[in-house]
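Below is one structure, written out as structure tokens; comments come after it.
The values are calculated or read from the model by the stated rules, or taken from the named source; none is laboratory data. All values derive from a computational prediction rather than experimental measurement. Note: ideal-geometry Cβ built from the backbone for every residue, glycine included; neighbour counts use all protein chains shown. When the accessible area is computed, the model is the full protein with side chains, heavy atoms only, and any ligands, DNA or RNA have been set aside. Shrake-Rupley method; radii C 1.70, N 1.55, O 1.52, S 1.80 Å.
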Amino acid sequence: MENLLRRIAPAGWDLAVLDAVPYQIALLDAQGVIVAVNAAWRRFALENGVGGANAPACTGVGVDYPALCDAVQGASAEGAAEAAAGIRAVLGRQQTEFRREYSCDSPDRQRWFLMTVVALDQADVAGMVIHTDVTARVLERLRRRESEIRLQLALDTTLDGIWDWDPSTGQGYLSPSYYAMTGYRPEDEPGSLDFFRRLVHPDDWPHVMATIEAHLRGDTPVSDIEYRMTTASGEIRWIRGRGRVVERDAAGAPVRMLGLVTDITARKRVERALHDSEVRYRTVVEDQTEIICRMGVDGTILFVNEVYLRFFGKTVEEVVGSTWHPVAHPDDLPMIEARLAELAVNRPVVVIENRVCAGDGSWRWMQFVNRGRFDGSGRLKEIQVVGRDVTERHELEAGLRRLLDENKRLASGLIRQQEKERAGLAKELHDELSQQLVAIRAHAGAIAHRTTDPLDRTHLDAQAIGNAARDIYAISHRLMEGLRPQALDNAGLIGAIASLASQRLQSRPDVRVRLRAATVGPYGDELRSNLFRIVQECLANAFQHGRIQRIRIFVGERRSGTRRWLSIVVRDDGIGMALDAPRTGYGLIIMRERARNLGGRLDLRSRPGRGTRVAVEIPLPA
């Protein structure tokens with residue numbers, strides 16, 4: 001080996017030189033057999049097993065290098081075959097040099113090498129193989145390539161325009177997206193400050209340049225400006241331009257500035273629409289006669305209209321941003337708090353009527369429509385309140401209640417007086433008229449018996465007088481029953497109703513009447529009289545107008561909690577009626593009034609062709 005090195009030394013090679021070189025070097029004979037290697041090669045061969053276990057000192061000396069490459073299999077076979085062909089081409093003097101880059105990974109990292117094969121004209125040495133570690137260079141190349149791919153992908157996919165400008169010359173680069181945004185072609189309008197000036201709306205140019213120049217001087221960390229741009233078609237588009245100086249010369253003057261332009265036309269349209277909507281909203285709000293307020297969940301007032309301020313005698317400065325709220329009547333506070341607590345996603349609106357103290361110190365009734373606004377998770381974010389003064393309505397309602405109470409008192413008194421007068425008249429008919437009629441019949445009978453001749457004129461007249469007195473007595477009895485049924489006093493409410501039904505059946509024996517009654521009572525005279533009159537009116541309407549075939553009457557008591565109720569239901573199968581049709585009579589009105597006077601309620605249900613149902617419920621003492 002040393003003799004060989006000494007022979008090639010005159011050409012610049014000796015052992016020390018080869019060992020000092022950091023590259024892996026092997027000398028080959030004309031057949032490609034390794035005849036000598038340097039120290040770096042020996043280390044490389046030891047790491048990679050070149051030549052196998054039979055190679056001297058694991059250096060690969062004596063190994064047929066091209067044949068070794070031919071024997072490589074697997075993923076590296078194609079590259080090894082190319083290397084073998086290159087080595088043979090150089091040794092055969094078909095080419096003076098062969099180069100190939102390849103990967104050769106160690107167990108702990110990825111590596112790349114450059115194989116260089118050169119021809120040598122030395123005795124017993126036909127060529128030299130040099131392996132140079134180029135891992136750092138390849139990794140840097142791959143990193144740059146990956147970065148370029150990402151940059152190109154960003155340029156190809158972004159809708160933003162990219163620009164690269166030299167402030168000293170006014171010239172620059174504009175990306176394809178930039179040109180697409182303007183509608184111009186690169187070949188027609190190269191990137192320049194003049195082209196940029198023609199794009200910017202004339203009214204915006206002074207402000208745009210002032211912003212850029214301030215950044216060029218170093219007054220701002222970045223240039224960020226919104227302006228209008230006129231495209232090639234004449235369309236006005238809104239643009240946001242952002243840029244930054246990335247390079248300055250030794251004197252600090254800017255020599256390179258990079259940036260982006262973004263089309264914000266859609267956003268500007270939305271902002272304009274929102275602004276117009278807010279203007280319309282404020283106009284509508286200020287034109288309202290209602291007070292309007294918006295407040296946060298912590299009670300901070302966010303907005304009030306002029307009506308609100310005038311009503312409570314406040315200024316914007318006193319109210320907005322504060323937690324001031326109108327003074328509510330103390331009696332209403334628990335109700336207000338309870339109702340506001342009802343606000344929820346599924347119940348966003350709560351209407352409250354309460355009293356508040358106005359700016360002039362008077363108490364006013366207000367109706368507040370409270371609408372809650374909630375976020376995506378269902379949390380209350382804001383409450384909008386619209387209020388209107390309903391004091392006059394409350395005063396009218398209070399007056400109406402007083403009138404209704406007075407009407408109820410008068411009606412109740414009238415009904416009681418009517419029943420009293422009826423009872424008195426019935427008593428007079430019974431005590432006076434009935435007795436006189438009985439006497440007339442007795443005298444007429446006595447006269448008739450004085451003669452035995454049935455054809456005697458006196459006998460006939462006496463009989464006629466007796467019959468007339470009998471008929472008048474029957475009529476007076478019916479009148480007395482109508483004024484004050486004796487059964488109501490003698491047999492109670494249910495007996496009086498049964499008697500009333502029997503009387504009605506005398507004129508309509510074809511009608512089927514069913515009375516179902518539980519044990520009830522006893523009740524006071526006022527309750528019995530009013531309920532009897534209600535049933536009397538129901539039967540009168542049914543028999544006279546209903547064309548009925550069947551009628552059912554139910555009387556009974558029921559309990560609801562601690563309360564007792566007396567229920568009466570009258571149902572017929574007559575022609576029915578339309579409840580919304582106008583009526584000329586007062587029967588239903590009087591029936592309802594009788595039920596109200598007793599503290600109860602009357603429910604009427606009817607449809608044409610489906611009969612009529614009247615239900616009355618009267619509260620009873622516990």
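Data overview
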| read-out | value |
| --- | --- |
| Protein accessible area in segment 91-135, 1.4 Å probe - carbon and sulfur % | 44 percent |
| Cβ-derived FRET efficiency at R0 30 Å, R99 paired with A71, nearest 0.05 | 0.85 |
| Relative frequency of Cα-Cα separations exceeding 26 Å in segment 224-374, percent | 52 percent |
| Linear extension gain, S168 paired with A446, 0.36 nm per residue minus alpha-carbon span | 84.9 nm |
| When segment 105-144 is reduced to its Cα atoms, the Kirkwood hydrodynamic radius in Å | 12.1 Å |
| Accessible area, probe 1.4 Å, largest first, for residues S560, S223 | S560, S223 |
| Amide N of segment 247-266 lying under 19 Å from the label point, which is placed 7 angstrom from the Cα of T220 along Cα→Cβ | 247, 254-265 |
| Inter-site label distance for R269 and T135 at 7 Å from Cα along Cβ, in nm | 5.7 nm |
| Highest-first arrangement of 356-367, 299-310, where packing means the average Cβ count within 10 Å | 299-310, 356-367 |
| Accessible surface, segment 513-622, averaged per residue in Å² (probe 1.4 Å) | 56 Å² |
| Ranked packing of 30-36, 494-500, most packed first, by mean Cβ within 10 Å | 494-500, 30-36 |
| FRET efficiency for T289 and D405, using Cβ-Cβ distance with R0 set to 41 Å, rounded to 0.05 | 0.80 |
| Antiparallel content of DSSP bridges confined to segment 505-613, in %, to 5 | 70 percent |
| R198/E247 FRET efficiency (R0 30 Å; Cβ-Cβ; nearest 0.05) | 0.70 |
| For segment 507-546, alpha-carbon Rg relative to the globular expectation (2.2 N^0.38 Å, N residues) | 1.43 |
| Heavy-atom surface of segment 182-271, accessible at 1.4 Å and reported per residue (Å²) | 56 Å² |
